[in-house]
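Visitor: So that we are looking at the same thing, I have put the structure below in structure tokens.
What follows draws every value from the coordinates through simple rules; no lab data is involved. Bear in mind the structure is a predicted one, so any value in this text is a computation, not a measurement. No Cβ is skipped: glycine too gets one built from the backbone with ideal geometry, and neighbour counts run over all protein chains shown.
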Amino acid sequence: MSRETPSVSHIICLVGPTGSGKTAAALHIACSLAQSGFPTSIINADSRQIYQDFPIITAQPTQEERTQCPHLLYGFLPTDQKSSAGKWMDSARTTVAEVTAQGRFPLLVGGTGLYIRALLDGMADIPAPDAAVSTRLQEQCRMEGPLPLHARLSGIDPVYAARIHPHDRQRVIRALEVWESTGRTFSWWHEHAVSPVPETTVLRLGMGLPLRELAPLLSKRINAMLDAGAMDEARSALKAYPELSLPGWSGIGCRELGKALTGQLPLAEAMELWQKNTRAYAKRQWTWFRADPRITWFRPDDPAAYRNMTKLALAFLQGKPSGS
RNA sequence: GCCGAGGUAGCUCAGUUGGUAGAGCAGGGGACUGAAAAUCCCCGUGUCGGCAGUUCAAUUCUGUCCCUCGGCA
């Protein structure tokens, strides 16, 4: 299918590990820009904050925050619906185009590196694989393990097979299902079919801290989520969607609470796991974003952070040279 | 006080019939093209409780002291 590739001039994006204060910073920047004559809409770039049944546990902006400026692509997907980088990229492109058409400026905020890369750096335009093929490969992987599948991949697409670890079932299966469904190797698609990135200039801002300093904040935030009613949120989600294997339940915090509520895990252990998984996740995000030299970083405890970010953003929108 | 079992990595423990030690968890680093809050990879020196003895060599054997946990008083 052909994607519309609207012509967009400026996108600001704000990234960073979970719990470092992106939401509040984005709101501040958006409001400041609006006051300076650059009306801004915030667009979610987080794979979990799209789920409507877990606003607290996935740390979506509150209703009160959302009234201060437009917030788009938050909390619209039910728990039993699956998202993907491609689906998000499509809706994000459309949303960016709409925002721009309104004469507003898009501010992308989120922690899902793959989504942001797909939107801003492009992604191979690979047709959806045959569902039957995927199911068969999954099953085969479950029975025989990933090694035979990886060995097969080495014969088909040695370049990609060498880049991934033989135990990485998700990537092994993905590469094989693309090959079997399209007759082209994964590497071929990456080389020949990267979807065009709309004409954009991007300012990349990062909000973050080394994990050592971030960890206590994460722990505090989980407690705040509990105070805000995380337990009730999980309880009512469980009533509507009792099957914990549904896509929406895979969010950190959701699955731990789900298991605690269904008696699969003592509550104390669930809490510990929630903490631990959150930390590990923040670390993965930190690793991902830090590898991108285009990002200008700020610390949440820097009192001048908001001011400096806004200054950069303003200069960027006014077309002054800086950023990428 | 007596009897027994222990004291080894941040935690739980394994092990060396004497040649200075390794698993799980925790922790740290990294990869990342439609599940990405996903899926994976790499990283282990610690007075082997203290002191003394035997020995070429002791974390290992012996003695003694300290500590913990049981049982009996």
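Visitor: Can you compute the modelled spin-label distance between A:Leu114 and A:Glu269, with each label point 7 Å from Cα toward Cβ, in nm?
Guide: About 2.9 nm, to one decimal.
Visitor: Determine which residues of the range A:44-83 fall in the zone a paramagnetic label at A:Ser236 would reach in this model, i.e. backbone nitrogen under 13 Å from the point 7 Å along Cα→Cβ.
Guide: Of the residues in the range A:44-83, A:52-57 have backbone N under 13 Å from the label point off A:Ser236.
Visitor: Also: Nearest 0.05, what FRET efficiency do A:Val159 and A:Gln81 give at R0 = 51 Å with Cβ-Cβ as r? Working shown, then result.
Guide: On the way: r = 34 Å, r/R0 = 0.67.
Once rounded, the FRET efficiency stands at 0.90.
Visitor: Further, regarding this structure: Which of these, A:Val109, A:Val197, A:Val172, has the largest mean-square fluctuation under a Gaussian network model of chain A (Cα springs below 10 Å)?
Guide: Of A:Val109, A:Val197, A:Val172, the Gaussian network model singles out A:Val172 as fluctuating most.
Visitor: Would you mind getting me the FRET efficiency between A:Leu226 and A:Arg184? Use the beta-carbon distance for r and R0 = 56 Å, nearest 0.05. Walk me through the numbers before you get to the answer.
Guide: Values: r = 48 Å, r/R0 = 0.87.
Working from the Cβ atoms, E equals 0.70.
Visitor: Restricting to Cα pairs below 8 Å that are 6+ residues apart, what does the relative contact order work out to for chain A? Please round to a whole percent.
Guide: Details: 468 pairs, mean separation 88.3, N = 324.
RCO, chain A: 27 percent.
Visitor: Report the GluC sites (Glu not before Pro) located in the range A:234-298 that are in a DSSP loop and have at most 13 other Cβ atoms inside 10 Å of their Cβ, or state none. Spell out each step's value before the answer.
Guide: On the way: sites: A:Glu243, A:Glu256, A:Glu269, A:Glu272; in loops: A:Glu243.
Passing both the DSSP loop test and the Cβ count: A:Glu243.
Visitor: Then there is this: Quick one: length gained pulling A:Asp121 to A:Thr262 fully straight, 0.36 nm per residue minus the C-alpha distance? Mind dumping the intermediate values first?
Guide: Working: separation 141, 0.36 × 141 = 50.76 nm, distance 4.16 nm.
Going from the current span to full extension adds 46.6 nm.
Visitor: With the contact rule set at Cα under 8 Å and sequence spacing of 6 or more, what percent relative contact order holds for the range A:75-168? Walk me through the numbers before you get to the answer.
Guide: Numbers: 30 pairs, mean separation 18.4, N = 94.
The normalised contact order for the range A:75-168 reaches 20 percent.
Visitor: Moving to a separate point now. In debye, nearest 20: dipole of chain A around its Cα centre with unit charges on the Cβ of K, R (+) and D, E (-)?
Guide: On the way: 35 positive and 30 negative charges, 145 e Å.
It comes to approximately 700 debye.
Visitor: While we're here: As a quick test, which of the pairs A:Lys82/A:Lys220; A:Lys87/A:Lys283; A:Lys22/A:Lys82; A:Lys220/A:Lys283; A:Lys22/A:Lys283; A:Lys82/A:Lys259 have an alpha carbon distance above 23 angstrom in this structure? If you can, show how the numbers build up before the last one.
Guide: Values: A:Lys82/A:Lys220 30 Å; A:Lys87/A:Lys283 26 Å; A:Lys22/A:Lys82 25 Å; A:Lys220/A:Lys283 17 Å; A:Lys22/A:Lys283 16 Å; A:Lys82/A:Lys259 20 Å.
Result: A:Lys82/A:Lys220; A:Lys87/A:Lys283; A:Lys22/A:Lys82 exceed 23 Å.
Visitor: Please find, in a Gaussian network model of chain A (springs between Cα atoms separated by less than 10 Å), the residue of A:Leu147, A:Leu203, A:Leu120 whose mean-square fluctuation is greatest.
Guide: A:Leu147
Visitor: State the Cα centre-to-centre distance between the range A:213-267 and the range A:274-295 in whole Å.
Guide: Answer, in whole Å: 20.
Visitor: If the cut-off is 19 Å between C-alpha atoms, which aspartates and glutamates fall inside it for A:Lys239, apart from same-chain ones fewer than 8 positions away?
Guide: A:Asp53, A:Asp80, A:Glu256
Visitor: Separation between the A:Asp302 and A:Val197 pseudo-spin-labels, each 7 Å from Cα along Cα→Cβ, expressed in nm?
Guide: Label at A:Asp302, label at A:Val197, 2.3 nm between them.
Visitor: Label-point separation (nm) for A:Ala101 and A:Lys283, each offset 7 Å from Cα along Cα-to-Cβ?
Guide: Reported label-point gap for A:Ala101 and A:Lys283 is 4.5 nm.
Visitor: Need the full-extension length gain, A:Asp292 to A:Leu217, defined as separation in residues times 0.36 nm minus the C-alpha distance. One decimal, nm. Don't skip to the answer; put the middle values down first.
Guide: On the way: separation 75, 0.36 × 75 = 27.00 nm, distance 2.40 nm.
Full-extension gain reported as 24.6 nm.
Visitor: Please find, in a Gaussian network model of chain A (springs between Cα atoms separated by less than 10 Å), the residue of A:Arg93, A:Arg66, A:Arg169 whose mean-square fluctuation is greatest.
Guide: Sorting by GNM fluctuation, first place goes to A:Arg169.
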